[in-house]
Amino acid sequence: VESSIPEPQRDAWKKHTKKGFTTKDEFEDETVRHIETTLARSLFNCDELAAYSGTALAFRDRLIVEWNKTQQRQTFADQKRVYYLSLEFLMGRALDNAMLNVGLKDVAKDGLKDLGFRIEDVISQEHDAALGNGGLGRLAACFLDSLATMNYPAWGYALRYRYGIFKQQIIDGYQVEIPDYWLDFNPWEFPRHDVTVEIQFYGWVRKYQGENGKTKASWEGGEIVEAVAYDAPIPGYKTATTNNLRLWSSKAASGEFDFQKFNNGEYESSVGDQQRAETISAVLYPNDNLDRGKELRLKQQYFWCAASLYDIVRRFKKSEKAWSAFPDMVAIQLNDTHPTLAIVELQRILIDIEALEWDEAWTIVTNTFGYTNHTVMPEALEKWSVPLMQNLLPRHLQIIYDINMNFLQMVERKFPKDREMLSRVSIIEESQPKMVRMAYLATIGSHKVNGVAELHSDLIRTTVFRDFVSIYGPDKFTNVTNGITPRRWLHQANPRLSELIASKLGGYEFLTDLTLLNKLEQFADDKEFKKEWQEIKYANKVRLAQHIGNTTGISVNPKALFDIQVKRIHEYKRQQLNILGVIHRYLTIKAMSPEERKKLAPRVSIFGGKAAPGYWMAKTVIHLVCSVGEVVNHDKDIGDLLKVIYIEDYNVSKAEIITPASDISEHISTAGTEASGTSNMKFVLNGGLIIGTCDGANIEITREIGESNIFLFGNLAEDVEDLRHAHTYGNSFTLDPDLSRVFTAIRSGTFGDAARFNALCNSIVDHGDYYLVSDDFSSYVKTQELVDEAYKDQEEWVAKCIQSVSRMGFFSSDRCIQEYADMIWNVEPLVPQ
Ligand code: OX2
């Protein structure tokens, strides 16, 4: 194997190779050294942030050693690797995770204590890496954790946004967005200024006569932007495998800096060009489940796909294998349609640059890619305008047309004379302007398409991809139900629960084989165990109550039932149903006698989540929640019976505090709209029950934990269409009297200026109630009453929680990755010796 160091000098080199610390003393040594020399601080000016930085750098040194070895091992092993292309990786904090994964958190805790710091304070200094919107990005992060833990040779590829998802402030009950500049100090990333790729945009296509008289195409002109790689180590849990997440940053190509302008005194405009190049990776688009079709977004997508593919192809070419072996060495998974251009780019590389025949190239392409669909909602399915693409990526558009032509010819042979079918499945929508349907392109260019929960996968087979199922047969479409990593979402977020479970199961093996949790079931009636379980839940609620007190000034009683809905604010997720239910509860309590009130279980309704900055209705929902809180929380007559809290700036690190503290959490989307949901899994795994609709993974959670352990309500997906139809075309639309009373209260100004909530109320009462709030309201309210009843019997409640946790083994992202590896990628782990 090639090495840059000649044989005779390697011994000297090896003698000085560092392993990183293992003992407390070595940890302190390394941390103090970093604080004093790397950071130029001292005993006299070391604050918690400096302590965090020193600790992070000490751990980073340890990770790097294994990271380098892992990369070498994977190169020598010469086996298939997985590349996970995702525009979002919602990683959260890295230090705590690194400590637990390398098994040195206790060492660090003791060491930091020696140095005068509490480990919790140090950990909480870290800025979240918030390169994602919600579930889609967090899923990608859980997958990286599982891939490394299970020793799969795998890389993540994304963009190095300068600004992650915005920070949310709630000011006077309204959401305000603050930029998230997170790169000030990021010890986890390594700039690779030597790993750069030149990315082309715009220009034209030149046709020429190639060898043996064939017409060839070449993409020329336009402008060049440089992609620079930044790498972050991804440590597996209790394994030496440390994988790589590569983020691309854009900058002006070095040759492009306009010296002419510079010399002519046009300094400002030449710097302007630089900035324009840097804009590409500047900001994460803050939309969840919504496609806006902005040119800069398309630029981001191509920039990232082209840089990643160049990198992957370069790595493959080093192996000097034949092109036909490419799919045996490379599996590329497309996280939603955002990276679909990678399909076109690989085809372009193979035919225009590597001079393969179209068919040979296309076989390689389709055997390489897999596509994961995350939504059936039309407003989230990506389409790009043909004129936009023509301008930005002229050669790619031609290739898309050729892919489409070949595909339609195949369809025509299979379904002769079915013109309707051809126009339905065409990649090009014949609208004004014409649009490229990315989900179709992704499907045609991949060998497998998967949904993310059973219901969702059934829905895509019968709705968006229905025709494609008849064209390709059912086997191309499959399901991989989402999962979550138990390392972060149990062990890290809820260390005491993890420890209690370990004490019963005789160790922490369940963290890498979550099905072992089923051995807990036998303790569901164990008095002592249940008591400890309850104590832990209570302590977690106290912690959340403290956070709420510190951030909102409102004191909540940790003995009350904590009812939590935290996720992106979206009409389909129906936070409006939740808050309307809260208002109903408030009005009901107000009308109760003191005796009746005594029987009530006090509740804290907790909301959290960001609204896309341009999503006016979602912002109105936030405002309604805050306005209701303003009234209820200050109503002395109500006291502790009801509190309504909005937790500002919901993110991964807040989720780690919130999730372990719930008694009940809400997953109440209109049936058929939430593809899977993953926070439902997190809440149950942390010993909370859930109230939910028959949607997404709720259905499979019910199957696993049992119907008696979940509060299901509402209409079924199969009835949604008819109900919607009836709203618009039915004879009468009568509101449930309870819901009517709620609207009357809002409209009479009980929660402030009613005009602000007009559109929200009207969307339900007058404008078709697309998300079926009125249809599900009474069933929701009744089910919440069942929750109240059930909560009164704490013995039974805790037994339900324990039983549920013991049956959650299926929802580990390790199981998920195993399924992808076996069914879609066909890759093997590479276990370090
Ligand atoms: C989300 C889905 O809305 C959610 O249901 C799912 O759990 C998550 O992806 C992970 O699969 N953008 N975000 C999603 O879909 C899209 C599109």
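The values are calculated or read from the model by the stated rules, or taken from the named source; none is laboratory data. This is a predicted model, so every value here is computed, not measured. Positions of Cβ are generated from backbone atoms using ideal geometry, with glycine treated the same way; all protein chains shown enter the neighbour counts.
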Condition first: part of a loop (DSSP other than H, G, I, E, B), in the same structural domain as Lys792 (by TED's automatic domain parsing) and either touching a residue at least 24 places away in the same chain (Cβ under 8 Å) or surrounded by fewer than 21 Cβ atoms within 10 Å (Cβ to Cβ) (or both). Can you find one or more residues in the range 538-551 that meet it? no
Residues of the range 195-221 satisfying the condition of being at pLDDT 95 or above and assigned to a loop (DSSP other than H, G, I, E, B): Tyr202, Gly203, Gly221
Can you tell me which residue within the range 384-417, out of those that are part of a loop (DSSP other than H, G, I, E, B) and modelled with pLDDT of 95 or more, is surrounded by the most Cβ atoms within 10 Å (Cβ to Cβ)? Leu393
Which residues, counting only those in the range 315-348, are assigned to a helix (DSSP H, G or I), in contact with a Gly (Cβ under 9 Å, 6 or more places away or on another chain) and of a type outside the set (A, V, I, L, M)? Gln347
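Within the range 367-378, work out how many residues are buried (at least 19 other Cβ atoms within 10 Å of the Cβ) and either part of a helix (DSSP H, G or I) or not aromatic (Phe, Trp, Tyr) (or both). Please lay out each step first, then the result.
Step one: list which residues in the range 367-378 are buried (at least 19 other Cβ atoms within 10 Å of the Cβ), which gives 368-376.
Now restrict to residues that are either part of a helix (DSSP H, G or I) or not aromatic (Phe, Trp, Tyr) (or both): 368, 370, 372-376.
Matching residues across the range 367-378 total 7.
Please go through the range 479-503 and give me each residue that is crowded, with 17+ Cβ neighbours inside 10 Å, away from the ligand (no atom under 16 Å from the Cβ) and charged (D, E, K, R), ordered by number. Please lay out each step first, then the result.
If we filter the range 479-503 for residues that are crowded, with 17+ Cβ neighbours inside 10 Å, which is where we start, we get 479-494, 497-498, 500-501.
Then keep just the ones that are away from the ligand (no atom under 16 Å from the Cβ); that gives 486-487, 490-494, 497-498, 500-501.
Scanning the range 479-503 gives a single hit, Arg487.
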Residue ID - nearest to Asp328 (Cα to Cα), chosen from residues in the range 359-387 that are away from the ligand (no atom under 16 Å from the Cβ) and among the hydrophobic types (A, V, I, L, M, F, W, C): Ile364
Identify the single condition in (1) within 18 Å of Gly688 (Cβ to Cβ); (2) buried (at least 24 other Cβ atoms within 10 Å of the Cβ) that Ile579 does not satisfy, given that it satisfies every other one. (1)
Inside the range 12-29, can you point out the residues that are assigned to a helix (DSSP H, G or I), modelled with pLDDT under 90 and not basic (Lys, Arg)? Trp13
Of (1) closer than 17 Å to Leu587 by Cα; (2) part of a loop (DSSP other than H, G, I, E, B); (3) free of Cβ contacts under 8 Å to residues at least 60 places away in the same chain, Ser740 satisfies all except one. Which? (2)
List pairs: first in the range 362-381 and over 30 Å from Ser669 (Cβ atoms), second part of a loop (DSSP other than H, G, I, E, B) and more than 16 Å from the ligand (Cβ to nearest atom), Cβ under 7 Å, 6+ apart or cross-chain? Val365/Gly445; Thr366/Gly445; Thr366/Ser446; Thr366/His447; Asn367/His447
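Being more than 30 Å from Ser457 (Cα to Cα) and in contact (Cβ under 8 Å) with a residue 40 or more places away in the chain narrows it down to one residue among Ala331, Ala307, Ala325; which is it? Talk me through it step by step, then tell me what you get.
On the way: Ala331 fails: more than 30 Å from Ser457 (Cα to Cα); Ala325 fails: in contact (Cβ under 8 Å) with a residue 40 or more places away in the chain.
From the options Ala331, Ala307, Ala325, the qualifying one is Ala307.
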Name every residue in the range 747-766 that is closer than 20 Å to Thr734 by Cβ and among the β-branched types (Val, Ile, Thr), in order of residue number. Ile764, Val765
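Would you confirm whether any residue within the range 65-79 is in contact with a helix residue (DSSP H, G or I) (Cβ under 7 Å, 6 or more places away or on another chain), touching a residue at least 40 places away in the same chain (Cβ under 8 Å) and within 21 Å of Ile234 (Cα to Cα)? Explain how you work it out, then say what you get.
Residues of the range 65-79 in contact with a helix residue (DSSP H, G or I) (Cβ under 7 Å, 6 or more places away or on another chain): none.
For the range 65-79, residues in contact with a helix residue (DSSP H, G or I) (Cβ under 7 Å, 6 or more places away or on another chain), touching a residue at least 40 places away in the same chain (Cβ under 8 Å) and within 21 Å of Ile234 (Cα to Cα): absent.
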Restricting the first residue to the range 171-191 and requiring it to be assigned to a loop (DSSP other than H, G, I, E, B), which pairs with a second residue that is of a type in the set (Val, Ile, Thr) meet a Cβ separation below 8 Å and a spacing of at least six or different chains? Gly173/Ile622; Asp180/Ile165
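Within the range 233-243, identify whether any single residue is surrounded by fewer than 19 Cβ atoms within 10 Å (Cβ to Cβ), aliphatic (A, V, I, L, M) and within 25 Å of Val197 (Cβ to Cβ), and answer yes or no. Spell out how you get there, then give the answer.
Let us first name the residues in the range 233-243 that are surrounded by fewer than 19 Cβ atoms within 10 Å (Cβ to Cβ), namely 238, 240.
From the residues that got through so far, the ones that are aliphatic (A, V, I, L, M) too are 240.
Then drop every residue that is not within 25 Å of Val197 (Cβ to Cβ), which leaves none.
No.
Just to be sure I understand, how many residues within the range 453-478 are among the acidic types (Asp, Glu) and within 15 Å of the ligand (Cβ to nearest atom)? Before you say what the answer is, go through the steps one by one.
First, pick out the residues of the range 453-478 that are among the acidic types (Asp, Glu): 454, 458, 467, 475.
So of that shortlist, the ones also within 15 Å of the ligand (Cβ to nearest atom) come out as 454, 458.
The number of residues fulfilling the criteria is 2.
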Which of the numbered conditions does Leu381 fail, given that it passes all the others? Conditions: (1) crowded, with 19+ Cβ neighbours inside 10 Å; (2) within 25 Å of the chain's Cα centre (by Cα). (1)
Residue hits (the range 399-428; over 30 Å from Thr673 (Cα atoms) and out of contact with any helix residue (DSSP H, G or I) (no Cβ under 9 Å at 6 or more places or on another chain)) are Tyr401, Met405, Gln409, Arg413, Pro416, Lys417, Arg419
Could you say whether any residue in the range 421-431 is farther than 30 Å from Phe143 by Cα, touching a residue at least 40 places away in the same chain (Cβ under 8 Å) and assigned to a strand (DSSP E or B)? yes
Identify the single condition in (1) more than 16 Å from Val376 (Cβ to Cβ); (2) touching a strand residue (DSSP E or B) at 6+ places or on another chain (Cβ under 6 Å) that Ile460 does not satisfy, given that it satisfies every other one. (1)
Considering residues of the range 293-303 that are in contact (Cβ under 8 Å) with a residue 24 or more places away in the chain and of a type in the set (A, V, I, L, M, F, W, C) only, the residue farthest from the ligand (Cβ to nearest atom): Phe303
Val449 more than 23 Å from Gln200 (Cα to Cα) and not hydroxyl-bearing (Ser, Thr, Tyr): yes
Just wondering, is there one or more residues in the range 618-635 that are within 16 Å of the ligand (Cβ to nearest atom), out of contact with any Leu (no Cβ under 7 Å at 6 or more places or on another chain) and under 21 Å from Gly809 (Cα atoms)? no
Check on Ala130, surrounded by 18 or more Cβ atoms within 10 Å (Cβ to Cβ), at negative phi and touching a strand residue (DSSP E or B) at 6+ places or on another chain (Cβ under 9 Å): yes
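With the condition kept exactly as written, say whether any residue in the range 281-292 is among the charged types (D, E, K, R), assigned by TED's automatic domain parsing to the domain that holds Ser249 and away from the ligand (no atom under 16 Å from the Cβ). So that I can check it myself, show each step before the final result.
In the first step, residues of the range 281-292 are kept if they are among the charged types (D, E, K, R); the result is 288, 291-292.
Applying the additional criterion that residues be assigned by TED's automatic domain parsing to the domain that holds Ser249 yields 288, 291-292.
In the following step, the residues that additionally are away from the ligand (no atom under 16 Å from the Cβ) were identified as none.
No, because not a single residue in the range 281-292 is among the charged types (D, E, K, R), assigned by TED's automatic domain parsing to the domain that holds Ser249 and away from the ligand (no atom under 16 Å from the Cβ).
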Could you tell me whether Ala217 is touching an Asp or Glu at 6+ places or on another chain (Cβ under 7 Å) and within 16 Å of Tyr83 (Cα to Cα)? no
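For the condition buried (at least 24 other Cβ atoms within 10 Å of the Cβ), away from the ligand (no atom under 16 Å from the Cβ) and of a type outside the set (D, E, K, R), what is the one hit in Ser665, Ser653, Ser605? Show your work before the answer.
On the way: Ser665 fails: away from the ligand (no atom under 16 Å from the Cβ); Ser653 fails: buried (at least 24 other Cβ atoms within 10 Å of the Cβ).
The unique qualifying residue is Ser605.
Name the residue that is surrounded by the most Cβ atoms within 10 Å (Cβ to Cβ), counting only residues in the range 691-701 that are in a loop (DSSP other than H, G, I, E, B) and small (Gly, Ala, Ser). Explain how you work it out, then say what you get.
Residues of the range 691-701 in a loop (DSSP other than H, G, I, E, B): 693-697.
With the extra rule that they be small (Gly, Ala, Ser), the set shrinks to 696-697.
Numbers: Gly696: 29, Ala697: 27.
That would be Gly696.
Name the residue, out of Asp180, Asp145, that is within 16 Å of the ligand (Cβ to nearest atom), charged (D, E, K, R) and buried (at least 17 other Cβ atoms within 10 Å of the Cβ). Talk me through it step by step, then tell me what you get.
Numbers: Asp180 fails: within 16 Å of the ligand (Cβ to nearest atom).
After ruling out the rest, the residue left standing is Asp145.
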